[in-house]
Amino acid sequence: MPPAAILFDASPGVVEDVRSRLPIGSFCVSVNTPSDDNLTVEGLLTRVRGYVQLMHPEPSLDVVTTVSNVPSLPSPSTPASPPSPPVCFFSSYPPEEVSSTISRIRPLGLDLAFAVEVPPALPKSIGYLLSEIRDDHREASKAPQERDYDIAIGVGVAIAGFVGSYAWETYRLWKEGALYLPPPFDSLVN
């Protein structure tokens, strides 16, 4: 199959913006997130590829072909409160082409999550994969002040606890006269 960017839950304007930045000879396919939890990524790609090969047996190498309705998938024309953000899933693109395409799409300023077809993801449910991608995108998009600082706070508390207990033990030993310091530091406690 020729390269395809599958857009999940994208408005027609987003589809058009992304389509305009795709490499010539590729497909821009728009679908809604399927509600079937048993539909895997591999199953979805099989449906998309089958439809594209049936409807476009000789893909045009000089245009970007837009497919706005794959009959066996939810139609993008009637989204029922689509989840945010839309996901752009690249299939059959070489890695360097994915990178350059994403860098051409980013200046559009769209809140768009990106994913690439990789073998470990193929047996996953498409709904589960899209949920993972959206969660990762939201986490990466958080402003620095919204990020989770649990680790930094934990390390700070641990360091403060260590320094505090060390200082307390040193003070206790000094009060008992049991603190030994080698010369010339012994003059500091006398």
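The values are calculated or read from the model by the stated rules, or taken from the named source; none is laboratory data. As the structure is a computational prediction, the values presented were derived from the model and not from experiment. All Cβ positions, even for glycine, are placed from backbone atoms using ideal geometry, and neighbour counts span all protein chains on display. To get the accessible areas, we keep the full protein, side chains included, count just its heavy atoms, and leave off ligands, DNA and RNA. Shrake-Rupley method; radii C 1.70, N 1.55, O 1.52, S 1.80 Å.
Amide H contacts for VAL116 (H built 1.01 Å from N in the peptide plane; partners 5 or more residues away or on another chain; cut-off under 5 Å): PHE90. Extending 7 Å from the Cα toward the beta-carbon at both VAL118 and SER165 defines two label points whose distance is 4.0 nm. Full extension of the segment from THR66 to ASN38, taken as 0.36 nm per residue of separation minus the current Cα-Cα distance, would add 7.4 nm. Ligands, DNA and RNA left out, the 1.4 Å accessible surface of the stretch 5-53 is 45% carbon and sulfur atoms. If you bin the C-alpha pair distances of the chain every 10 Å from 0, what whole percents do you get? Here the calculated profile for the chain is 8, 28, 24, 9, 6, 6, 8, 7, 3, 0. With R₀ set to 22 Å, the beta-carbon distance separating SER11 from SER99 gives a calculated FRET efficiency near 0.30. With the simple spin-label model, which puts each label point 7 Å out from Cα in the Cβ direction, the LEU179 to THR46 separation comes to 7.5 nm. Looking at the stretch 1-68, none of the chymotrypsin sites (Phe, Trp or Tyr not before Pro) sits in a DSSP loop with at most 16 other Cβ atoms within 10 Å of its own Cβ. Helical runs assigned H by DSSP (4 residues or longer) give the chain a calculated mean residue ellipticity at 222 nm of -13500 deg cm²/dmol, each run adding -39500 (n - 2.57) before division by the residue total. Summed over the residues of the stretch 88-188 and divided among them, the accessible surface reaches 69 Å² per residue at a probe radius of 1.4 Å. The listed residues ASP9, ASP136 rank as ASP136, ASP9 when sorted by accessible area, largest first, using a 1.4 Å probe.
Straightening the chain between ASP111 and ALA158 buys 13.1 nm, computed as 0.36 nm per residue apart minus the Cα-Cα spacing. Please work out whether the stretch 43-132 counts as rounded, prolate or oblate from its C-alpha gyration tensor, where a ≥ b ≥ c are the square roots of the eigenvalues and a/c under 1.5 means rounded, while otherwise a/b larger than b/c means prolate and anything else oblate? Taking the square roots of the gyration eigenvalues as a ≥ b ≥ c, the stretch 43-132 is rounded.
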